[in-house]
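The values are calculated or read from the model by the stated rules, or taken from the named source; none is laboratory data. What you are looking at is a predicted structure, and each value in this text was computed from that prediction instead of being measured. Note: ideal-geometry Cβ built from the backbone for every residue, glycine included; neighbour counts use all protein chains shown. The area values use the complete protein model at the heavy-atom level, side chains included, leaving out ligands, DNA and RNA. Shrake-Rupley method; radii C 1.70, N 1.55, O 1.52, S 1.80 Å.
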There are 2 protein chains.
Amino acid sequence: MTEELNKVTIHGLVCPTPLAHEDTIVMGHGSGGRMTQKLIEKIFYPPLENPILLRGDDGAVVSAPEGDRFAISTDAHIVSPLFFPGGDIGRLAVCGTVNDLAMMGAKPLWLTASFILEEGLPIFLLEQVLLSMQASAEQTGVAIIAGDTKVVERGKADGLFITTTGVGWIPGGRELGGALAQVGDSVIVSGTLGDHGIAVLAARGELAFKTALESDVAPLNDLVELMFDACPEIHVLRDPTRGGLATTLNEIARQSDLGILIEEDKLLVKPEVQAACEMLGFDPLYVANEGKLVALVPNGYTEKVLESMRTHPLGVDAVRIGRAQKSPEGRVLMHTAIGGTRVVDVLAGEMLPRIC
Amino acid sequence: MTEELNKVTIHGLVCPTPLAHEDTIVMGHGSGGRMTQKLIEKIFYPPLENPILLRGDDGAVVSAPEGDRFAISTDAHIVSPLFFPGGDIGRLAVCGTVNDLAMMGAKPLWLTASFILEEGLPIFLLEQVLLSMQASAEQTGVAIIAGDTKVVERGKADGLFITTTGVGWIPGGRELGGALAQVGDSVIVSGTLGDHGIAVLAARGELAFKTALESDVAPLNDLVELMFDACPEIHVLRDPTRGGLATTLNEIARQSDLGILIEEDKLLVKPEVQAACEMLGFDPLYVANEGKLVALVPNGYTEKVLESMRTHPLGVDAVRIGRAQKSPEGRVLMHTAIGGTRVVDVLAGEMLPRIC
């Protein structure tokens, strides 16, 4: 009973109270001197350990594998709270950048990670994040090969921000991009919509009801390789993160100057997500996902790609939701469940801040 | 007179008052929707414009040049204030990562830049930073090929943080690293010590006197190429940033398990830096530089390297300050100007926070 009462939640994680001053980040950890050295050697190296990182130089030296095209992508991660059902900022930082590379048809090879720590951040919390990053990196097959740590004063950051940058190798023959969508392409989505955004909201206590919903945050690179095995001519791959599926489809329509028509009754939305959206006035089409992808593939490959996706845990619910067509140029339309047709526009402003 | 009084300084830059709400960053700029799109297209693209970045995909695709070894380095930049004499966070973010690559013997090719913006940040200020990044990138010969923008609530960041990650190509035959220092190597420093750290302190108003001192922030990659022309066998290259020259030399001593002996009367410190350090109780050996390098080269190449460095504006004051020797293993000693010898230790904790 007393134990229960003593539990303190810090940035979404239950804290082993009481914390002493030496268990938290202080400004000296960012000085570049002995304290920085100790922080890196005792807290960062053990979970992330790999030979390139441990060399301890200012960056990493890597050898290029076969092939000559590389994908490079970077993302800052500022999710609040740092821990949420199904994931945390560390898993998000690894999967987010791995997925950006996978969406470019690249096989992720290396990640760098740069940390901005707020003075007072409990070190046990940083350790949890690093363990999570390492587990996600292992699952994904990437190595975290270089990093950086800075500390800012209390109140000048929000616990912990992580920027990851990834480099991946693009096998020959893969040509992807929003501009490459073709009339007749099938639009495929890998699963349910909005799980991540609503799970993070729930973790903030912004829902009036309890939910067992978890974020879908996951690395999509293996699923993507299965899809390329089934169809070497995938035209577009995107992960519908900030702004959700609607924003992603609008980007593709705009880049290709084609129309995209989707069928509302094909879209999968979990009941918990549906309920939360109705309560909050959100549309699941605009809610962020972190383990889903959208693909545009030549129509003739549709069944082969779907079958292949459904053999993977992250693709069991894969479904064709619509097609690319000549008009309306640069816009997205939806056949609604009740028989109408409406424009699906880009998200105008803010909906869910700090979800990735 | 009235004009003078109306001038407002925001994060170190004079502001064209009055600012309207629409001239500042709001949470919606981080939503991934239309406002994010507009911010990127109107504010980020014009200064940073290049064909790879403008493709607008989730990351960048690049082709590898000749050779098969690459250097990758990442750094978060959190300097306060954002603008200081001689530079700003944008120039620092480009030069910092370019220099990390150059210190690995790499020719910098590509940079990514990820921005964490605080709600309320004046957009004119962001534009100044981006222009400065582009100017520094041009000076350096790198392209900023991918980026990301996130926004956090007022009070959850400090204006603007930038993480840059760089990829460079390492020409064949270059083998560098702290562990490669050899007994007898000359220790060379490219110029004066502590300019950056003290210039940033002065910009914070933490000095009791006015000073014309400017930060030395500058890209070192051209200087490094001249040095390799003069001596293909450079053993170690480092830029003594956070923690200063003392910390950098200690890292090299530790990695190589050699002793390093330096001569105090060879070290160049500007009078303004000397005065500030005396007033504040700092040692210029521990103050950050952002446009200086330390090299360990085989003794026989010393004069050739120095001559070559002095032909470059960033190397005119290049000087041999000491040598690597067998003992004391892993430690740095200094012959002082008054004839004694003292241990130069690593910086123990915090000295100058938020200087890079």
Problem set entry | Kirkwood Rh, Cα atoms: Rg over Rh of chain A | 1.00
Problem set entry | Sulfur and carbon atoms: percent of accessible area, the stretch A:88-135 [1.4 Å] | 49
For this session: Run the quick spin-label model on B:Asp257 and A:Glu41: label points 7 Å from Cα toward the beta carbon, then report their separation in nm to one decimal.
Result: 1.5
For this session: Evaluate 2.2 N^0.38 Å with N set to the residue count of the stretch B:135-230, then give the Cα radius of gyration divided by it.
Result: 1.51
For this session: With only alpha-carbon atoms counted, please give the Rg and Dmax of the stretch B:178-343, in Å.
Result: 15.5, 46
Exercise. Sorted by packing (mean other beta-carbon atoms within 10 Å per residue), highest first, where do B:305-317, A:146-158 land?
Worked result: A:146-158, B:305-317
Seminar exercise, completed: Rounded to the nearest 10, the angle in degrees between the Cα long axis of helix B:271-280 and the longest principal axis of the Cα atoms of chain B comes to 80
For this session: Would you mind putting B:121-128, A:217-224 in packing order, based on average other-beta-carbon counts within 10 Å, highest first?
Result: A:217-224, B:121-128
Problem set entry | Peptide ranges B:200-210, B:276-286, A:82-92 listed from the most packed, as the mean C-beta count within 10 angstrom indicates | A:82-92, B:276-286, B:200-210
Problem set entry | Helix B:123-140 axis, angle to chain B major axis (alpha carbon atoms, nearest 10°) | 40
Exercise. Working out 0.36 nm times the residue gap between A:Glu153 and A:Asn50, then minus their Cα-Cα distance, what length gain in nm do you get to one decimal?
Worked result: 34.0 nm
Exercise. What is the helix-to-structure angle for B:221-230, meaning the angle in degrees between its Cα long axis and the longest Cα principal axis of chain B, kept from 0 to 90 and rounded to the nearest 10?
Worked result: 30
Exercise. Averaged over B:248-259, how many beta carbons belonging to a partner chain fall within 10 Å of each residue's beta carbon?
Worked result: 1
Seminar exercise, completed: Here FRET efficiency (C-beta to C-beta, A:Thr341 to A:Phe209, R₀ 25 Å, nearest 0.05) is 0.15
Exercise. In the structure displayed, which of A:Lys326/B:Lys38; B:Lys38/B:Lys210; A:Lys326/B:Lys150; B:Lys292/B:Lys326; A:Lys107/B:Lys150; A:Lys42/B:Lys156 lie more than 30 Å apart, Cα to Cα?
Worked result: B:Lys38/B:Lys210; A:Lys326/B:Lys150
For this session: Starting from the Cα of A:Asp68, move 7 Å in the Cα-to-Cβ direction to define the label point; list residues of the stretch B:163-185 whose amide nitrogen is under 18 Å from there.
Result: B:168-172
Problem set entry | Average partner coverage of A:107-120, which counts Cβ from other chains inside 10 Å | 3
Seminar exercise, completed: A correct Karplus calculation of ³J(HN,Hα) over the stretch A:187-201, with 6.51 cos²θ - 1.76 cosθ + 1.60, θ = phi - 60°, whole Hz and x for Gly and Pro, returns 9, 10, 10, 7, x, 5, 10, x, 4, 5, x, 6, 4, 5, 4
For this session: Can you send over the carbon and sulfur percentage of the accessible area for the stretch B:178-343, probe radius 1.4 Å, protein chains only?
Result: 50
Seminar exercise, completed: Karplus-derived 3J(HN,Hα) from phi for the stretch B:319-330 (6.51 cos²θ - 1.76 cosθ + 1.60, θ = phi - 60°), whole Hz, x at Gly and Pro, runs 8, 7, 9, x, 8, 8, 9, 5, 9, x, 4, x
Exercise. Roughly how crowded by other chains is peptide B:146-156, in terms of the mean Cβ count from those chains within 10 Å of each of its Cβ atoms?
Worked result: 6
Problem set entry | Reachable aspartates and glutamates from B:Lys304, criterion Cα separation under 15 angstrom, eight or more residues apart if same chain | B:Asp185, B:Glu225, B:Asp229, B:Glu233, B:Asp317
Exercise. Amide H to amide H, which residues 5 or more places from A:Leu333 or on other chains are under 5 Å from it, using H placed in the peptide plane?
Worked result: A:Ile260, A:Leu261, A:Ile262, A:Val344
Seminar exercise, completed: Residues whose built amide H sits under 5 Å from the amide H of A:Gly87, excluding neighbours closer than 5 in sequence, are A:Ser215
Exercise. So what are the radius of gyration and Dmax for the Cα set of the stretch A:248-356, in Å?
Worked result: 14.8, 40
Problem set entry | Dipole magnitude of the stretch B:289-356, debye to nearest 20 (Cβ charges: Lys/Arg +1, Asp/Glu -1, about Cα centre) | 140
Exercise. Given q = 0.05, 0.06, 0.08, 0.10 Å⁻¹, what are the Debye log10 I(q)/I(0) values for the protein assembly as shown, with equal point scatterers placed on the Cα positions and solvent ignored?
Worked result: -0.25, -0.36, -0.63, -0.95
Exercise. Where the only charges are on Cβ atoms (+1 Lys, Arg; -1 Asp, Glu), what is the dipole of the stretch A:178-343 about its Cα centre, to the nearest 20 debye?
Worked result: 340
